[in-house]
Every structure is written in structure tokens, then in C-alpha cells.
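Peer 1: Below you'll find the structure I mean.
The values are calculated or read from the model by the stated rules, or taken from the named source; none is laboratory data. Predicted model, so just to flag it, every value in this text is computed and none were measured. Cβ atoms come from the backbone with ideal geometry, glycine included; neighbour counts cover every protein chain shown.
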Amino acid sequence: MSERFLSAMLDDSMAEVARRVQRSLVVVHNGRRGAGAGVVWRAGGYIITNYHVIAHGKPAVSIQDGSEYPARVVAQAPDLDLALLQIDSPQHPAALLADSRGMQVGQIVFAIGHPWGQRGYVTAGVISSLDTVQTRNGHGAVPIIRSDVLLAPGNSGGPLVNAAGGVLGINTMIVGGDQGVAIPSHVVESFVNQSIEERGGARN
Amino acid sequence: MSNENNPLIALSDAMVAAVEKAGAATLMVNARRRMPASGVAYAPDLILTADHVLERDEDIRVGLPDGSQVPATLAGRDPGSDLALLRLESALAAQAEPIPQPARIGQLVLALGRPSPQGIQASLGVVSAINGPLRTGRGSLLEQYLRTDAIPYPGFSGGPLVDAAGRVAGINTSGLARGASLAIPAGLAWSLAGILVQHGHIQRGFLGVRSQPVAIPAAQQQALGREQASGLLLVGVETDSPAEAGGLLIGDIIVAIAGNRVTDPDELAASLTGSVVGKPTPVEVVRGGKPATITVTIGERK
């Protein structure tokens, strides 16, 4: 494989990752200053974001074409810094999910969000370490993904994706430090399942 | 694009494999009060690490990838290059593989560390620059060092900077340049480690001269049989020094020591390091416009 060919193919793959993810990436407003990111997690208008993004205020969601929807808070888990929202746009495509239980240190990852208000901004790096943090209520020791991707305010609630564009986790502010931290997708998935079951809603 | 043909996925898989391979040879080094640092298996029972992370000579413990910890003793150390070598009681480590060719600017690299029993840690970057030499104090000179933009997380000192195939391109340290992280190239680190195994320290020699670089005219270069545009003019020879004992004189121009060319003070320091120390060594000079070889027994700097 010639180097020119390889680099062109790499560029194409990265552009494809960004395209796949940006389809289901949203902006989450809270009616005040600042905004976070969110991911359409499941068909039916279910959106995952960070708890701290919607904790104070009435959430609204802008999808990629710019249209804005009011959002209901279906469930929230402050200790995981997660919130499940629902908007009345059931056709909106859900993100491709990757099973974070198979993730490994060194894997190439991309964070996509709106750092400092820049829409759909992509940063790249690798998974730096797999760690656990102790949460205060209910969830006990929770696995987290540490990565060396550059994160800034506005990345909160946005996805960390793998080289195939599958969502490995949700970027969060749950712990400080100089490393990007994400809640793995399998933890998010069980939070979503539990939240929808508790509401008596059907899985769809 | 299918996953099989996706170069981004292939690259990601290669990075995971590189972390697995080099991570097996990356160990935890616990010899200071604050968080442990990292080390690299130079041999199955010899661990290369950064000298500055060893705050004590005794009760040194090395953490293996399986989470177990074993005692280690100090086999040698060289504060000048911030390298130290630890010895395990038995051959417990997976030996690291150094890169066959020197690192190149722009090359993809991973910085690895194992500062905790939780597992290997990694950050991605490129070789940003290859610089040197660096004067590190007490007559020591690091011939060359690498810079990278891979994030040096706490406890990464002593750990490896590896290429995409998991081969060691350098040993990371934050102890040589104040506030900055750099890597000692693997070739240099491995050769210094070889000296540490034998001698326990790096011998740094001295002549006892003051010198300054001067141009060598073309005619003299021809007489020397060397294409060398400059040498070191001796402007002072210390009393009772190795240089005086060997017969070096003010006005001599040193052009080579033990066959290695000397064109500036950094090359002089480099040529006086290692096996020449304490031995009668040929010093090629220009004296009165003519080449001459003077035998000097190189002194050891204590």
C-alpha cells in the first residue's frame, strides 16, 4: 500500500467516523448560559447527556438541522453524571453503539462535542487507562474510561467513539484531573434500560 | 467501508497490540514516598528506570503486569543521564525490544507507564523533535534526546516511549529538563545500561584542559587525512592533570580522541565517557601545523 494511498484512506475513515457520529449528536441547552452535548441513544427520541448540563434549568435540544425541541427529563443519575431526555422526534437516528466491555488501552478514540460553543468539534487520542471510581449513591464502583483526547466545556454529554464510529462512552465531568473521562457505553445502556423499564415504557 | 479494509481500525488495533507488547515489559517502580513511577525490562532480571524516581536505595519494589510486587536492588545509576538499573532476584520480566533504527521526527509513538497496580496507561503522540546534546551537570552530557507531544502522566518517568510496533524508542523522564518531559533515545539508553551492568556507574573522564574550537585549514585537513573543518585549540593545561602527564601542550589542536572526531566541547565530553576512562588513549592533534598522536591516560572525574 503506497503511503499516499494509506493516508487518503485514513482521511476517508476519519471523515466517515465524524459523519456517522454527527448525525446523532445534539446540542443540549438548559435555558441559561452555556450548553452541552448529547447523543440520540435510542429511537423514540431518547437522548443521553450529562446530569450537570441539565441540572439547573429547563432542557431543550437542537438537532443537526438546527431545529429545536423541548425535552422531558426521563431519568437522572447525578452520581454517574448522566441524564436521559426524550424529545418528540422519534425518527431521529440513534447512534451506533459499541460494546465498551471489549475496550482496550491504546485504542484510538475520538471525542465529539461543542467545546467553547464550536459545533461538532472532533478531537482524537487513545484510551489511556481503564479505571473505576466510587460513587456515593447506589451505583457503587463504576468503571470509567480515561483518554488523552482534549476535552473542554461543551464536550460534556458528548460521545467518545471508537475507530468504527461506535459510541464507547459519554464524556463527563464526574472526576477532575487533566485526563478526559467517559462513562462506558455499557454502563449508560443499563442506566437507559433501567430508566425506561421503571417508567413502564416499552423498549423500542 | 468494511472493517477489514478500514485503515483507521487497523491502526487502532495496531496501537492496542503495541500497548500489549510493550506493556508486558513496562513495570511499576516503587522507591519514593509519593506515587510510584515506571520502568522497562532491559533484561528479564534487569529493569531500566529514571534515576530521579529512586529516592531510596533500599526497600525498592517492582510491580509486575500481573499485579504482584517483588523486591529489587540497585544494580547501577547515572544521575547525569537520569538512568538507573534495578536487579530482580529472578528473571520475572518480559524483555523489551528496542527499535532497530533511531526514532524519526513525525513518527507515531505511545508513552506508556505503570504507576499503579491497576494496569498499563498510555498516551498517543508523535516524535516532535530530536535534540542534543544536553548538558546535565557535573560534566555529564546527554548526547541526544527526543521530545514528544504524548502527554507524560504522573508516574510515567522511567517508562518507555514506543513505536507503533511496540518497540522501545526511548525512556521517558521529566527529571532532566526542568518542567519538561523528554525521552532518552533507546540506543543511548541501552548502551548506558550495558555499562551500568558492568560498572554500576557511568565513567566520565577528563583531560584537564581549557579549549576553544578553531578552524582547521584545508591543507592541514589533508595532512591529517580527515575532512574536519574544526578542532579544539588548547588554551590551558592544568598542572598535574592527565593532559600534562601525557604531554599535551598549549597551542595543540585536538582533532580526535580514540578515533572519534572532536570538533567542539560537547564532542570532547562525549569522547571522554565510558571505556576510555583510566586507559592510555590516542589523542590526535595538530602541533605546529603537523599531525601528531599523543597517548594520554584519561583521568576519571569523581
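Peer 1: Within segment B:104-117, restricting attention to residues that are without any contact (Cβ under 8 Å) to a residue 40 or more places away in the chain and either closer than 13 Å to B:Tyr153 by Cα or touching a strand residue (DSSP E or B) at 6+ places or on another chain (Cβ under 6 Å) (or both), which residue is surrounded by the most Cβ atoms within 10 Å (Cβ to Cβ)?
Peer 2: Only one residue tops the list, namely B:Ile105.
Peer 1: Criterion first (within 14 Å of another protein chain (Cβ to nearest Cβ) and on the phi > 0 side of the Ramachandran plot) does A:Gly31 satisfy it?
Peer 2: no
Peer 1: Ok, one more. Conditions: (1) free of Cβ contacts under 8 Å to residues at least 24 places away in the same chain; (2) surrounded by 23 or more Cβ atoms within 10 Å (Cβ to Cβ); (3) not aromatic (Phe, Trp, Tyr). A:Val109 meets all but one. Number of the miss?
Peer 2: Looking at each condition in turn, A:Val109 falls short on (1).
Peer 1: Residues that are within 14 Å of chain B (Cβ to nearest Cβ), at least 2 per element: which strands (runs of 3 or more DSSP E) completely within segment A:70-169 meet that?
Peer 2: Qualifying strands (runs of 3 or more DSSP E): A:108-113, A:121-134, A:141-147, A:159-161.
Peer 1: A follow-up question, please. Restricting attention to segment B:15-35, does a residue exist that is buried (at least 16 other Cβ atoms within 10 Å of the Cβ), of a type outside the set (D, E, K, R) and in contact with a Phe, Trp or Tyr (Cβ under 7 Å, 6 or more places away or on another chain)?
Peer 2: Taking every residue of segment B:15-35 in turn, none turns out to be buried (at least 16 other Cβ atoms within 10 Å of the Cβ), of a type outside the set (D, E, K, R) and in contact with a Phe, Trp or Tyr (Cβ under 7 Å, 6 or more places away or on another chain).
Peer 1: When B:Gly259 is evaluated against the numbered criteria (1) surrounded by 13 or more Cβ atoms within 10 Å (Cβ to Cβ); (2) free of Cβ contacts under 8 Å to residues at least 40 places away in the same chain; (3) not aliphatic (A, V, I, L, M), which criterion, by number, is the only one it fails?
Peer 2: Unmet for B:Gly259, out of (1) surrounded by 13 or more Cβ atoms within 10 Å (Cβ to Cβ); (2) free of Cβ contacts under 8 Å to residues at least 40 places away in the same chain; (3) not aliphatic (A, V, I, L, M): (1).
Peer 1: Right, here's the next one. Taking the condition farther than 30 Å from B:Ser191 by Cβ and not hydrophobic (A, V, I, L, M, F, W, C), does B:Gln212 pass?
Peer 2: Spelling it out, it is not the case that B:Gln212 is farther than 30 Å from B:Ser191 by Cβ and not hydrophobic (A, V, I, L, M, F, W, C).
Peer 1: Mind listing just one residue for me: the one in segment B:248-302 that is under 20 Å from the mean Cα position of the chain (by Cα) and among the aliphatic types (A, V, I, L, M) and, of those, farthest from B:Leu196 (Cα to Cα)?
Peer 2: Restricting to residues being under 20 Å from the mean Cα position of the chain (by Cα) and among the aliphatic types (A, V, I, L, M), the top hit is B:Val262.
Peer 1: What are the residues in segment B:84-135 that are at pLDDT 95 or above, outside any strand (DSSP E or B) and touching a Gly at 6+ places or on another chain (Cβ under 6 Å), if any?
Peer 2: Residues satisfying the conditions are B:Pro115, B:Ile120.
Peer 1: Continuing with the same structure: Restricting to segment A:61-110, count the residues that are within 17 Å of A:Val188 (Cβ to Cβ) and hydroxyl-bearing (Ser, Thr, Tyr).
Peer 2: Total meeting the criteria: 1.
Peer 1: May I ask you to list the residues in segment B:29-76 that are over 16 Å from B:Pro160 (Cα atoms) and within 19 Å of the chain's Cα centre (by Cα)?
Peer 2: B:Leu54, B:Leu74, B:Ala75, B:Gly76
Peer 1: Condition test on B:Gly170, is it closer than 28 Å to B:Arg147 by Cβ and at pLDDT below 90?
Peer 2: Considered against the rule, which asks whether it is closer than 28 Å to B:Arg147 by Cβ and at pLDDT below 90, B:Gly170 comes out as no.
Peer 1: Of the residues B:Ile60, B:Ile99, B:Ile47, which single one is more than 22 Å from B:Asp163 (Cβ to Cβ), β-branched (Val, Ile, Thr), buried (at least 17 other Cβ atoms within 10 Å of the Cβ) and away from chain A (no Cβ under 14 Å)?
Peer 2: So the residue among B:Ile60, B:Ile99, B:Ile47 that is more than 22 Å from B:Asp163 (Cβ to Cβ), β-branched (Val, Ile, Thr), buried (at least 17 other Cβ atoms within 10 Å of the Cβ) and away from chain A (no Cβ under 14 Å) is B:Ile60.
Peer 1: Further question on the same structure: Please find, among B:Ala10, B:Ala14, B:Ala41, B:Ala18, the residue that is in a strand (DSSP E or B) and in the same structural domain as B:Phe156 (by TED's automatic domain parsing).
Peer 2: The match here is B:Ala41.
Peer 1: Which one of B:Gly175, B:Gly187, B:Gly205 is within 9 Å of the chain's Cα centre (by Cα) and either in a helix (DSSP H, G or I) or under 17 Å from B:Ser81 (Cα atoms) (or both)?
Peer 2: Among B:Gly175, B:Gly187, B:Gly205, only B:Gly187 is within 9 Å of the chain's Cα centre (by Cα) and either in a helix (DSSP H, G or I) or under 17 Å from B:Ser81 (Cα atoms) (or both).
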